[in-house]
Amino acid sequence: MADERPGSIDVLVVGAGPVGLTLAAELQRYGATCRIVDRAPQPTDKSKAVIVHARMLEHFDHLELEQTFLARGTMVHSVSFFVQSKRVAQLDFVGTDTRYPFVLCIPQDVTENILGTRLADVGVHVERSVEFLDFDQDDGGVTSRLRHPDGSIEEVRTRYLVGCDGSRSTVRDKAGITFEGLAYEEEWILADVQLETDFFVRDEASLFVELRHFLAVFPLPGDRWRLIAVRKVADPTEAAAPATVEEFETVLLKHTRRAVRVFDPIWITPFRIGHKQADRLRVGRVFIAGDAAHIHSQVGGQGMNTGLQDAINLGWKLALSVRGQAEPRLLDTYEEERLPVIRSVLWGTDLATRAFTLRRKVDQQTLNTLGRFAIGLLPVHDYLTRSISQVGINYRARGYTSPAPADGARQRQWGRRPRLVAQPGDHAPRAPHLKLLPDSPTIRLYDLLRHNGHTVVFLQGKRQTDLAGDAVVDFARELRDVFGDELHFIGVRLRDTWKASTFGFPLVHDVAAEMHKAYGATTPTVIVIRPDCYIAFRSAWQDRNTLAPFLSAYLLSTESTASLEPT
């Protein structure tokens, strides 16, 4: 069987783990057709990656899936660090600037079930027991060869190919992408079990760090716990011995100084870890994401979350490209934006892993001191919680983002503390208390971003000006005439000189000026928010004519079918 029609399917996604499922759902959401195949005959039944961080929950909120995730997971509001059974420090996520100030512990098989159900709801089903073999590409597309369960070979023609097929990625291998890194010497053991003890609490994760020993304990749904520990091995080249309940009871006794009964294991296994990174994420029309592009230590639960954000970054860009609304330059920004993030995650997880697997007594003493004092410092605490929850990830000064103005102009436009306000490349701040005019129901900014395009936001500015609503609407029409329905518009006012009757798009009242403060909108300001909720552009109103040239470097002109006339 063969499908040789160019572009009959826009994208072939190889791999139906969380990253592949998310990418396929994003493509379908933005109007691109796709197929998703996986060589495994059925979804995983293992918990595997069990942590979903705040940044991903924010995106699941955007997809209206967050309540499903929250109902099936366990919220962890803090992480405690123990040395010799005594708590020496605590990271508290409650103060993190997000709607989800916690870590959600949820088994990967549940995550895949939620995402797979969403995908099936929009008419895309995973094709299982289908093995990706190789591909050829040319200027017009990619021809991939797939082996079906009956042994037949299918050739499928698509515009793009994306490998989400794990650390042993065939797509990466066939694309000639280098995947290099190191393996850690330590052997690890993992178990999903029940515990009989009162040492741990259900809304807290516990990390035990001692010389040559490490134990992590996370709550899971259904009164279960995830245990991860370092195992001493005499010869790291020998095959790992099976992990046992008794081995974990010994580890728990050492770290908690009390007997803990471990029972009813549903998954218990030894494993080794390493950190590797692809040297690039794209070869022509072929891309890689998730574990196909990066693997690293499980410390901090960064792996799956980083892969999911790969998919979110890439999905809308591919969709715009296949819809004929993007310049080729837009796809280049996937690698430009994600590779620095991946490098940063690998650096951070490697540093943490080495800290948690100490070999020298002096290192233990240093860590104890850092744990007791440094984490207690507010800047250090905030940096760690923002890094772990991934709400601090940004694309400033790279990829599809406009440059920030020089320091002097920045201070004039953004106020006295310009470094604290949202900049191009940052994730759009929440602004949860807006009033939609004219009827004034309370609404969040993110509620107004639930569409498939870019959003141009006009902020009235804190300072009194004579900028009329008619001028804003005229400028929006000019943009719509060039870029069509890809652009959506929102007006944000502080004063009633802007009237809902003037605007042909949503106008909201910034009740406590929190959105103006978050965006540093001292004077009238223009913001562009990308489909992935990152800020692409900002300027003062008087510099608004720089917006169209900026967008033209990435987006193609299209015909509009919508009106901006007030209703």
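The values are calculated or read from the model by the stated rules, or taken from the named source; none is laboratory data. It should be emphasised that the depicted structure is a prediction, and the values quoted were computed from it without experimental measurement. Don't worry about glycine lacking a Cβ; one is built from the backbone with ideal geometry, like all the others, and counts go over all protein chains shown.
In table form, for the structure just shown:
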| quantity | calculated |
| --- | --- |
| Complete set of residues in the range 320-333 that are more than 18 Å from residue 426 (Cβ to Cβ) and in a helix (DSSP H, G or I) | 320, 321, 322, 329, 330, 331, 332 |
| Complete set of residues in the range 545-555 that are buried (at least 20 other Cβ atoms within 10 Å of the Cβ) and more than 14 Å from residue 330 (Cα to Cα) | 547 |
| Matching option when the condition is free of Cβ contacts under 8 Å to residues at least 12 places away in the same chain, more than 22 Å from residue 72 (Cα to Cα) and among the hydrophobic types (A, V, I, L, M, F, W, C), among 281, 253 | 253 |
| Sole residue being at pLDDT below 95 and of a type outside the set (Val, Ile, Thr), chosen from 234, 216 | 234 |
| Test result for residue 140, among the small types (Gly, Ala, Ser) and over 21 Å from residue 50 (Cβ atoms) | yes |
| Test set (1) outside any strand (DSSP E or B); (2) surrounded by fewer than 22 Cβ atoms within 10 Å (Cβ to Cβ); (3) out of contact with any Phe, Trp or Tyr (no Cβ under 7 Å at 6 or more places or on another chain); (4) not β-branched (Val, Ile, Thr) - residue 515 fails condition number | (2) |
| Near pairs, Cβ below 7 angstrom, 6+ apart or cross-chain, from the range 333-354 (closer than 13 Å to residue 394 by Cβ) to any residue that is of a type in the set (Asp, Glu) | 338/310 |
| Odd one out for residue 499, checked against (1) assigned to a strand (DSSP E or B); (2) among the basic types (Lys, Arg); (3) more than 24 Å from residue 333 (Cα to Cα) | (1) |
| Residue ID - farthest from residue 535 (Cα to Cα), chosen from residues in the range 458-470 that are out of contact with any Ser or Thr (no Cβ under 6 Å at 6 or more places or on another chain) and surrounded by 17 or more Cβ atoms within 10 Å (Cβ to Cβ) | 467 |
| Odd one out for residue 195, checked against (1) outside any strand (DSSP E or B); (2) surrounded by 21 or more Cβ atoms within 10 Å (Cβ to Cβ); (3) over 31 Å from the mean Cα position of the chain (by Cα) | (1) |
| Elements of type strands (runs of 3 or more DSSP E) contained in the range 246-294, each with 3 or more residues being closer than 12 Å to residue 171 by Cβ and at pLDDT 95 or above | 286-288 |
| Any pair with Cβ under 7 angstrom, 6 or more apart, that starts in the range 64-78 at a residue that is farther than 11 Å from residue 52 by Cα and assigned by TED's automatic domain parsing to the domain that holds residue 224 and ends at one that is aliphatic (A, V, I, L, M) and surrounded by fewer than 16 Cβ atoms within 10 Å (Cβ to Cβ) | 77/94 |
| Odd one out for residue 90, checked against (1) assigned to a strand (DSSP E or B); (2) of a type in the set (S, T, N, Q); (3) not assigned by TED's automatic domain parsing to the domain that holds residue 380 | (3) |
| Residue satisfying condition, being buried (at least 21 other Cβ atoms within 10 Å of the Cβ) and at pLDDT below 95, within set 455, 522 | 522 |
| Sole residue being surrounded by fewer than 21 Cβ atoms within 10 Å (Cβ to Cβ) and in the same structural domain as residue 70 (by TED's automatic domain parsing), chosen from 327, 238 | 238 |
| Lone unmet requirement of (1) in contact with a helix residue (DSSP H, G or I) (Cβ under 8 Å, 6 or more places away or on another chain); (2) crowded, with 22+ Cβ neighbours inside 10 Å; (3) over 22 Å from residue 317 (Cβ atoms) for residue 107 | (1) |
| Residue, surrounded by the most Cβ atoms within 10 Å (Cβ to Cβ), within the range 16-74, restricted to residues that are more than 19 Å from the chain's Cα centre (by Cα) and part of a helix (DSSP H, G or I) | 72 |
| Scan of the range 430-442 for residues that are under 23 Å from residue 66 (Cβ atoms) and either out of contact with any strand residue (DSSP E or B) (no Cβ under 9 Å at 6 or more places or on another chain) or at pLDDT below 95 (or both), ordered by number | 430, 431, 432, 433, 441, 442 |
| Residue satisfying condition, being over 26 Å from the mean Cα position of the chain (by Cα) and buried (at least 19 other Cβ atoms within 10 Å of the Cβ), within set 201, 230, 217 | 230 |
